[in-house]
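J.: Provided herewith is a single structure, encoded as structure tokens, for subsequent inquiry.
What follows draws every value from the coordinates through simple rules; no lab data is involved. Keep in mind it's a predicted model, so treat the numbers as computed, not measured. No Cβ is skipped: glycine too gets one built from the backbone with ideal geometry, and neighbour counts run over all protein chains shown.
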Amino acid sequence: MNPAISIRDLHKAYRNGSVVTPVLNGVNLDIAAGELFFITGPSGCGKTTLVSVLCGTLNADTGHVEVLGHNLRTMSANQLARFRAANVGFVFQQFNLIPSLTITENVAVPLRLQNHSPSFARSAAADMLNRVGLGSKLHARPSTLSGGQQQRVAIARALVHQPALVVCDEPTSALDSETGREIMNLLTPNAGDSTRTVIVVTHDPRIQHRAHRIASMEDGLIHQSLHPQADH
Ligand SMILES: Nc1ncnc2c1ncn2[C@@H]1O[C@H](COP(=O)(O)OP(=O)(O)O)[C@@H](O)[C@H]1O
Ligand SMILES: [Mg+2]
């Protein structure tokens with residue numbers, strides 16, 4: 001089986017005027033389709049930079065980045081935007097919901113981006129909100145919900161278009177442990193659903209036993225990859 005993600009010798013530095021900050025220093029990484037893959041490492045080590053490159057929101061300097069059979073390094077900005085809309089769901093620490101929209105409208109955004117009709121998008125969004133336990137809040141604005149509820153909205157938005165890849169950047173750090181557990185239950189691919197690949201960036205030791213594999217980042221490199229559970 002082809003890996004969902006294959007990264008070779010990836011380098012990335014940020015440049016502000018004459019200041020160069022090297023962040024990724026030759027990362028190699030393979031992630032299989034269906035894996036629940038965690039990336040840990042100290043703040044500032046480059047985790048967000050790495051996942052931004054593999055989603056196509058940030059350009060690398062050199063190296064090979066193949067995601068779901070696409071060579072991201074050779075794609076135009078328009079092609080990358082279409083690739084993301086069709087294939088990637090995002091969950092961020094700060095939820096990134098649109099405050100002026102209801103939660104149903106927020107969750108409908110990925111479907112509208114793919115040109116589904118408003119009525120289809122609204123009903124699929126409502127179905128997904130039901131599945132994350134927010135069926136009674138369909139017309140609420142994000143600011144009226146708790147942090148855990150807002151993160152469930154963000155997860156519904158990430159999953160509503162059934163993307164092959166879901167990328168979560170510190171999705172539970174702002175949440176209490178019970179809510180963090182619920183969030184991981186929603187993100188974990190179902191048994192037998194071997195197609196959705198989920199990448200979770202986290203410092204959160206409370207959820208790390210959920211991973212199929214854990215990689216740790218340091219000095220711009222992936223240093224190790226452990227299998228915390230033998231029975232996956
Ligand atoms: N846009 C940027 N311009 C300059 N430096 C940046 C930028 N974004 C991140 N950095 C720096 O790159 C390093 C890695 O950042 P990041 O990938 O966000 O790390 P992490 O997610 O592991 O905390 C940090 O030193 C950070 O300050
Ligand atoms: Mg980060």
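J.: Going by average Cβ density within 10 Å per residue, which order do the peptides 143-154, 73-84 take, highest to lowest?
T.: Details: 143-154: 18.7, 73-84: 13.3.
In descending order of packing, they fall as 143-154, 73-84.
J.: While we're on this one: As a check on your grasp of the helix formula, calculate [θ] at 222 nm for the chain: sum -39500 (n - 2.57) over DSSP H runs of n ≥ 4, divide by the residue count, round to the nearest 500.
T.: Details: 6 runs with 69 residues, N = 232.
Rounded to the nearest 500, it is -9000 deg cm²/dmol.
J.: Between 13, 86, 156, where does the largest GNM mean-square fluctuation fall for the chain, given springs only between Cα atoms within less than 10 Å?
T.: Result for the chain, Cα springs under 10 Å: 13 fluctuates most.
J.: So, counting K/R as plus one and D/E as minus one, what does the shell of residues with Cβ under 14 Å around residue 183 add up to? Mind showing how you got there, number by number?
T.: Details: positive: 131, 152, 157, 181, 206, 210; negative: 169, 170, 176, 178, 182, 204.
Computed value for this residue: 0.
J.: According to the Kirkwood expression over distinct Cα-Cα pairs, how big is the hydrodynamic radius of the chain, in Å? Write down the numbers at each step before the final one.
T.: Numbers: mean 1/r = 0.0547 Å⁻¹.
After inverting the mean inverse Cα-Cα distance, the result is 18.3 Å.
J.: Looking at the chain as a GNM with Cα springs under 10 Å, which of 168, 45, 55 has the largest mean-square fluctuation?
T.: Checking each option, the largest mean-square fluctuation is seen for 45.
J.: Would you tally the net charge around residue 12, using a Cβ to Cβ cut-off of less than 14 Å, leaving residue 12 out, and scoring K and R as +1, D and E as -1?
T.: Numbers: positive: 8, 15, 47, 73; negative: 9, 61, 219.
Combined, the nearby Lys, Arg, Asp and Glu give +1.
J.: Net charge near residue 224, counting Lys/Arg +1 and Asp/Glu -1 over other residues with Cβ under 11 Å of its Cβ? Kindly include the intermediate steps, with their values, before the conclusion.
T.: On the way: positive: 213; negative: 218.
Surrounding charge for residue 224 is 0.
J.: Once fully extended, how much extra length lies between residue 101 and residue 206, figured as 0.36 nm per residue of separation less the alpha-carbon to alpha-carbon distance?
T.: 34.6 nm
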